[in-house]
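A.B. asks: Please read through the structure below; I'll follow up with questions.
The values are calculated or read from the model by the stated rules, or taken from the named source; none is laboratory data. Everything numeric here is computed off the predicted structure, so don't read it as measured data. Here the Cβ positions follow ideal geometry from the backbone for every residue, glycine too, while neighbour counts run over all protein chains shown. Just so you know, the surface numbers come from the protein's heavy atoms only, side chains and all, with ligands and any DNA or RNA stripped out. Shrake-Rupley method; radii C 1.70, N 1.55, O 1.52, S 1.80 Å.
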Amino acid sequence: MWLSYRNSNSRDVKNKAEGEVVRLIGWIFTKREHPEKIFINMRDRYGYIQLVASKETLKEKFENVKEANVESAIAVEGVVKYDKRAPGGVEIHLTDFKVVAPADIWPVTLSALKSPEFMFDKRHLTIRGPRSRAVLLIRSALIQSAFEYFTKNDYVMINAPTFITSAVEGGATLFELKYFGDKAYLTQSAQFYEEAAICVFEKVFVIQPSFRAEKSRTRKHLTEFWHIEAEVAFAEHNDIMRVEEELLSYIVSRLNELVGEEIKYIRGGLLKEFTPPFEKISYDEAIEILQKKGVEIEWGEDFGADEERALSEEFEEPFFVTGYPVEIRSFYHMPDPDRPEVTLSSDLMAPGGFGEITSGGQRIHDYNTLLNKIKKMGLDPSEYEWYLEIRRYGMPPHSGFGMGVERVLRWLLDLPHIRDATLFPRTPSRLYP
RNA sequence: GCCGCCGUAGCUCAGCUGGUAGAGCACCGGGCUGUUAACCCGGGGGUCCUCGGUUCGAGUCCGAGCGGCGGCGCCA
């Protein structure tokens, strides 16, 4: 009933002529009261529009406007009026006003915005604010853009299971749960399942959550995050870096088209667009750069937060660090045939001190090589039985990567914390709401 | 897991060397012919995180616990 009552919306009224009668549905965002007039900023899915209620035209219904609290759901009818004094230059002079669902006194005040604890305890309400609204719209567009990129390039979307039995990354970071009589874990990555699927579809991708039981108190970690992962058969390390740089460039330019208004609202201007290929430096070069900057790091050590920051400060566009040492990468990474101490792997770094946004590389596709590697790293081959077995039946060289949705979003929008990049964030200290 | 900071009204915070609490925002009432986080005047509102200790007396001092925030390690 109410959906069909609506014949315009906050965005669409700008296309209407002065004097046209429109019916809108939405929520009261803010309200300013005077004796004869009340100004309402109404919010709907499309944005914001100012409503003007005047005692003269609304008569006894003016009282209803007076009594309606902020965040009441309303249905209104009114006349389109262009006026310089209205935000956005257009407003609706009400001829009818109904409360569809009343609201209690809204607890989210201006000072509440300063309290992360309050804002996330009341996340189910605070997401209605203009900032969360914009970020979540951009997030939706980001996932849409990634989906577009992959499907335009002949990838097949697969859906990997969430319950798993063995670790893709380090075993210590798995969430354990009861699975009837057995132990199961929540997935950290769809990678292994993608590797099985490339022998059907050659190019596959997933967009789904990954779980990591890392007690990370940082602004770049969630325990549940959305993962964009791709895996490509017959592809070598350089091929997958090409995919990553194309994907990121596509996402950025598409976001500017799809949600430019929201992006401007959050960061004051459109996103800087990039063109592949990105700069690529080797792990060895990265170590040199860091040592020259006076950072204490030796070849063979992994980058910590300080190192990632120092390194990425040296760049103004995203760049790859390639060829990480075998010791600091997971067991499945392909050693470089010309230099067995390093892997055919890379991380894509965001510039300006931000650091890692994707991680990827070529996988070991030979059965015996992988088996030996698993044993050498002290892992139990029986836990990787099916993963090994796919290598006995025509597994070509292949490569893949994973990109964190919230991390990319946080970087692009310069958000203070990764929890701002998701609807209901999950961190070690937050499981509610 | 480690290091640091914090916990007083619905929210943000003040409260000096111990004498049972205050401001702004929000809310309610009144005023105001167009506001943009409206403005002006008035009002109500508090187990001072919990437990224990010191003291005639604890929001304030001491101890423990719980919760949150920031950073490190780990990663996307």
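A.B. asks: In the same structural domain as A:Glu341 (by TED's automatic domain parsing) and surrounded by 15 or more Cβ atoms within 10 Å (Cβ to Cβ): which single residue out of A:Glu288, A:Glu279, A:Glu296, A:Glu262 fits that description?
C.D. replies: Step by step, each of A:Glu288, A:Glu279, A:Glu296, A:Glu262 is checked, and only A:Glu262 is in the same structural domain as A:Glu341 (by TED's automatic domain parsing) and surrounded by 15 or more Cβ atoms within 10 Å (Cβ to Cβ).
A.B. asks: OK, next. Taking the criterion of being within 15 Å of RNA strand B (Cβ to nearest atom), modelled with pLDDT of 95 or more and outside the structural domain of A:Ala134 (by TED's automatic domain parsing), would at least one residue in region A:56-78 satisfy it?
C.D. replies: Our first condition is that a residue be within 15 Å of RNA strand B (Cβ to nearest atom); within region A:56-78, this holds for A:56-58, A:62-72, A:78.
So of that shortlist, the ones also modelled with pLDDT of 95 or more come out as A:78.
Pick out the ones that are also outside the structural domain of A:Ala134 (by TED's automatic domain parsing) and you get A:78.
Checked against the condition, which is being within 15 Å of RNA strand B (Cβ to nearest atom), modelled with pLDDT of 95 or more and outside the structural domain of A:Ala134 (by TED's automatic domain parsing), region A:56-78 yields at least one hit.
A.B. asks: So, one more: State the number of residues belonging to region A:93-133 that are touching a strand residue (DSSP E or B) at 6+ places or on another chain (Cβ under 9 Å) and open to solvent by 70 Å² or more (accessible area, probe 1.4 Å).
C.D. replies: 3
Yes/no per residue for (1) buried (at least 18 other Cβ atoms within 10 Å of the Cβ); (2) in contact with a helix residue (DSSP H, G or I) (Cβ under 8 Å, 6 or more places away or on another chain); (3) assigned by TED's automatic domain parsing to the domain that holds A:His398:
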site	(1), (2), (3)
A:Arg309	no, no, yes
A:Glu317	no, no, yes
A:Thr322	yes, yes, yes
A:Ile328	no, no, yes
A:Val342	yes, yes, yes
A:Phe354	yes, yes, yes
A:Asp366	no, yes, yes
A:Leu371	no, yes, yes
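A.B. asks: Moving to a separate point now. Which helices (runs of 4 or more DSSP H) does region A:30-133 wholly contain that include 1 or more residues that are among the hydroxyl-bearing types (Ser, Thr, Tyr)?
C.D. replies: Details: elements: A:55-58, A:61-67, A:116-121, A:123-126.
In region A:30-133, A:55-58, A:123-126 are the helices (runs of 4 or more DSSP H) which contain 1 or more residues that are among the hydroxyl-bearing types (Ser, Thr, Tyr).
A.B. asks: Given (1) surrounded by fewer than 21 Cβ atoms within 10 Å (Cβ to Cβ); (2) not in a helix (DSSP H, G or I), identify the lone condition not met by A:Glu257.
C.D. replies: (2)
A.B. asks: Another one. More than 8 Å from RNA strand B (Cβ to nearest atom), at pLDDT below 95, of a type in the set (Ser, Thr, Tyr) and farther than 15 Å from A:Glu356 by Cα: is that true of A:Tyr432 in this structure? Spell out how you get there, then give the answer.
C.D. replies: Numbers: more than 8 Å from RNA strand B (Cβ to nearest atom): yes; at pLDDT below 95: yes; of a type in the set (Ser, Thr, Tyr): yes; farther than 15 Å from A:Glu356 by Cα: yes.
When the stated conditions are applied, A:Tyr432 passes them.
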